[in-house]
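Nothing in this text is a laboratory measurement; each read-out follows from the coordinates by a stated rule. Treat the numbers as computed from the prediction; the structure is a model and nothing was measured. Note that we place each Cβ from the backbone using ideal geometry, even for glycine, and neighbour counts take in every protein chain shown.
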Amino acid sequence: MVVSLRGKIPLLAILLAALSLQAACNVDFFGLFGSTELDTRLESKNRFAFLRDADRNLSLGETYSFIVLSDTHIEKGDAQGLEKLKDVLNGAAFVVITGDITQSGRRQDVQKFIDIAHMLSVPCYPVIGNHDIYFDNWPVWRDLIGSTRYRINSDTTTLFILDSANASFGAAQLDWLQDELRTAKKHVFVFTHANLFVQYPGDIEQITDTRERARIMSILKGRADAMFAGHVHRRIIRKAGGVDYITIEDFKSSKTYCRVHVSEGGFSYEFKEL
């Protein structure tokens, strides 16, 4: 018997895309359709409910280290072992989590992150991810954490936290980044959720607007040390325009984190597991 696929290819493509999303980012489809828009979140600028003034103005010096991890997916109070991070700080100056801190953005899970962050004894900078805005839970993040795009200053380094929870930066946010870079310090590190690069042809978890992708790479070229992301639940490392683009695998399943060492001459990094 010959089976005709006429008219069925689009459906097959949708199913394959759905399976890819499910595998890559533990998608909750009901939450996916209940998320907010980027412009709505960016209206709440310079709002800091979680970070203190001291957290936003650091004294780092020329030599220090920090820790980056991604996709903890805290769910129903289960922090996936994030509590143990306090045991491996080993002098790290701060921690950054590049999005999908929670599974669905629920208040109890955002609060769980805050409770753990307060246990770390160093600043912990949250990046918003697509899961953190599921079920229209952006107001929870806004009220408990604050802005989703912000800058951290220090004597030698500038950190930029960018909102790509909708797999987009938007022209206004990129304009802001370009302008802020004019007064950035010697070392510049950028953190966001959605990755710019993929590893395999079937990967669809990324910033898909090629114009945005090209523009941010142009903005960062020769100006930033590195950009860190997550989202795809896979380690992907690329270098372009003198910038290291480091996508970190998910902490939830791998318990992996990246330790970055900064010195006057540059920076290096290594991956470790809890």
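Hey, with R₀ at 45 Å, roughly what FRET efficiency would Ser268 and Asp136 work out to, going by the Cβ-Cβ distance, to 0.05? All intermediate terms of the calculation are to be shown ahead of the outcome.
Details: r = 41 Å, r/R0 = 0.91.
Efficiency, from the Cβ-Cβ distance: 0.65.
Extension gain for Asp53 to Gln111 (0.36 nm times residue separation, less C-alpha to C-alpha distance): 18.9 nm.
The relative contact order of the chain, computed from alpha carbon pairs under 8 Å that lie at least 6 residues apart in sequence, is 22 percent.
Contact order normalised by length for region 171-274, with contacts defined as Cα pairs under 8 Å and 6 or more residues apart; what percent is it?
Working: 162 pairs, mean separation 21.3, N = 104.
This gives 20 percent for region 171-274.
Annotation: amide H-H contacts under 5 Å for Ala226 (H modelled 1.01 Å from N, sequence separation of 5 or more, or interchain): Val188, Val190, Asp244. Between Tyr269 and His261, the built amide H atoms are under 5 Å apart, and every one of these is 5 or more places off in sequence or on another chain.
Let me have the 222 nm mean residue ellipticity of the chain computed from DSSP H runs of 4+ only, each contributing -39500 (n - 2.57), with the sum over all residues rounded to the nearest 500. Using -39500 (n - 2.57) per qualifying helix, the result is -7500 deg cm²/dmol. In this rough spin-label picture, where each label sits 7 Å from Cα along the Cβ direction, the Asn153-Met119 distance is 3.3 nm. Can you spot the lysines whose alpha carbon is less than 23 Å from Lys45's alpha carbon? Ignore those fewer than 8 places along the same chain. In chain and number order, the partners are Lys185. Taking other C-beta atoms within 10 angstrom as a stand-in for reagent exposure, Ser147, Ser164, Ser70, Ser263 fall in the order Ser263, Ser147, Ser164, Ser70, fewest first.
Cross-link list Lys84/Lys186; Lys112/Lys239; Lys186/Lys239: which exceed 30 angstrom alpha carbon to alpha carbon? Could you put the intermediate results ahead of the total?
Values: Lys84/Lys186 32 Å; Lys112/Lys239 35 Å; Lys186/Lys239 19 Å.
Flagged as over cut-off: Lys84/Lys186; Lys112/Lys239.
Computed extension length for Ile204-Glu62: 47.3 nm, one decimal, from 0.36 nm per residue of separation with the Cα-Cα distance subtracted. Taking θ as phi - 60° and the Karplus parameters 6.51, -1.76 and 1.60, the scalar couplings of region 102-112 work out to 10, 6, 9, x, 6, 4, 5, 7, 5, 5, 4 Hz in sequence order, x denoting glycine and proline.
Distances between placed amide hydrogens fall under 5 Å for Tyr125 paired with Val95, Val96, Ile97, all partners being 5 or more residues away or on another chain.
With the simple model of a label 7 Å out from the Cα in the direction of the Cβ, Lys84 to Lys221 spans 4.3 nm.
Taking θ as phi - 60° and the Karplus parameters 6.51, -1.76 and 1.60, the scalar couplings of region 74-86 work out to 4, 9, 6, x, 8, 8, 6, x, 4, 4, 6, 4, 4 Hz in sequence order, x denoting glycine and proline.
Quick check: residue separation of Ala214 and Ser44 times 0.36 nm, minus the Cα distance between them. What number comes out in nm? Don't skip to the end; give the middle numbers.
Working: separation 170, 0.36 × 170 = 61.20 nm, distance 2.65 nm.
Taking 0.36 nm per residue and subtracting the Cα distance, the gain is 58.6 nm.
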